[in-house]
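Report on one structure; see the data block that follows.
Computed from the coordinates by the stated procedures, all read-outs in this text should not be read as laboratory data. Just so you know, these numbers come straight off a predicted model, no measurement behind them. Using ideal geometry, Cβ is built from the backbone for each residue, glycine included, and neighbour counts are taken over all protein chains shown.
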Amino acid sequence: MKNGTLSLFELSTKIQKALEANLPTIVWVTGEISDLKENRSGHCYIELVEKQENTDQPKAKARATIWWRSYRMLKPFFETSTGTRLASGIKVLVQCNVNYHPVYGLSLNIIDIDPTYTIGDIEHRRQETINRLIADGVFEMNKEVDFPWVPKKVAVISSSTAAGYQDFVHQLSNNPFGYVFEHKLFNATMQGDKAEVSIIEALDRIHVDIINWDIVAIIRGGGSQVDLGCFDSYLLANNIAQFPIPVVTGIGHEKDYSIADMVAHTRLKTPTAVAEFLVNRFSNAENWMIEVKEDFGDAVFKLVNANTQLIQKFQLSIAPILLKQIGNKKSELHKLMLTCDGKTALRVSKASFKLTESKQRIRQSIKTTYRNEINWLNTQIKDLQNKPIELLKRSKHRLSQHERNVSAHDPANILNKGFSITRQNGEIVRNASQIKVGSSIETTFAKGSAKSIVEKKQNS
């Protein structure tokens, strides 16, 4: 065996003595909790890690223990002070004893914890998350979505067993105005390590059926205030910020905003406050409609009243003018009637005279013709006494036929058969093209005559 060779125990003992000789009894150490377990005895076993800045790989690890006597006091003190759970992923500043055991190796015995360090780290990480959301251009996106005038259909993300959800439903369903809301629960874990993924999955389920919803309400109440860390996560905030319909939060913060509150369209403190907000939206809309109805009624009344006065004023001013014009038109019409009556009577008289004259000429013509024919016949008889009797019969027949033709063309006979004679301005009208619509015509019958105005004509 070479000189200076040490057994493992000897090496471990030297390390133990070196640590005891060179380190103070109590030291303050910073690190990130990478694992935390509580056993039945109440002890807390932690693994602390320090990571490289660029690669996020561990560059140092150490086991740490908080014995139950200390842990029962440190845990509530830390969680109350920081508002977050003592859990994996947070950075802490702990006061501890450094121990080295030949069998168990290096370990830290934690006797105190400084919450202000963790608060600073949490705030630093929150600010980094906020800056990242702003840099991504999504921080204000949900706030810019138009909020429905009356948000009737509400998709609710909460836990079915949460007292806050029951309060929300009761407040919404029993509102004093009797407004009816359509709401559906999308169940999710609202605290602990699984909350972030669970809420995002609920948002995804709503998005599949998004056309049927007006808003999303993320509500939580009745749980511990230290279980709200998920609402500061980048992934959840990013999903809320980019959701296409307004998101309203009521997740129970009493002191400050979570990042989820910041990116949501509307932030309220509690589930009950969210329900009251929705009811008030309905109430405000109803009041506005009542005011508009009243204003519209007043406006219509004023308009009708103003127009009534205007019409009355117009009637008063126009009545004398209309009466004067009506009087003038009556006078003109009377003169026109007198003129028309005189002209008509004159035309009828002339037409009657001409008709009588024509009758006389026709009768005279018939008599003359008859006499001539008789004379011709007598002459023929004398000249043809020696001709056959048949020639005489033909002559008589010719005479009778001629007489009938003459009688058939007698105007009186024509008129007696139902025909009439139409004249315009004293001239006989033989076809429709001779007259115009609106012109005056005179019709002579077998007995009497009539004057008419042409309203319509048809050229054959």
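General remarks:
- Restricting the stretch 137-175 to chymotrypsin sites (Phe, Trp or Tyr not before Pro) that sit in a DSSP loop and have at most 16 other Cβ atoms within 10 Å of their own Cβ leaves 149.
- In straight-distance terms, cross-link reach from residue 447 covers every one of the lysines whose alpha-carbon lies under 27 Å from its own, apart from those fewer than eight places away in the same chain; here that gives 343, 350, 354, 359, 367, 417, 436, 456, 457.
- Calculated log₁₀ intensity ratio I(q)/I(0) where the Debye formula runs over C-alpha points of the stretch 11-127, q = 0.10, 0.20 Å⁻¹: -0.32, -1.16
- The stretch 11-127 - percent relative contact order, Cα under 8 Å, separation 6 or more: 28 percent
- Spatially close lysines, pair count over the stretch 137-284: Cα under 27 Å, gap of eight or more or interchain: 15
- Taken over the chain, the convex hull of the Cα atoms encloses 419 Å³ per residue.
- The angle between the Cα long axis of helix 68-82 and the longest principal axis of the Cα atoms of the chain comes to about 40 degrees, rounded to the nearest 10.
- Computed from Cα atoms, the angle from the helix 8-22 axis to the main principal axis of the chain rounds to 80 degrees.
- Stretching residue 333 away from residue 416 to a fully extended chain increases their span by 26.1 nm, per 0.36 nm per residue minus the current alpha-carbon distance.
- Globularity ratio of the stretch 1-71, using Cα Rg and 2.2 N^0.38 Å: 1.52
- Reachable aspartates and glutamates from residue 37, criterion Cα separation under 13 angstrom, eight or more residues apart if same chain: 47
- Counting 0.36 nm for each residue step from residue 400 to residue 132 and taking away their Cα separation leaves a gain of 83.4 nm.
- Net lengthening on full extension, residue 38/residue 153 (0.36 nm per residue, minus Cα-Cα): 37.0 nm
- The long axis of helix 163-173 is offset from the longest Cα principal axis of the chain by roughly 20 degrees.
- When the alpha carbon coordinates of the stretch 137-284 are projected onto the principal axes, the ranges are 39, 32, 28 Å, largest first.
- Two-site FRET efficiency, residue 184 against residue 305, from Cβ-Cβ distance with R₀ of 60 Å, rounded to 0.05: 0.70
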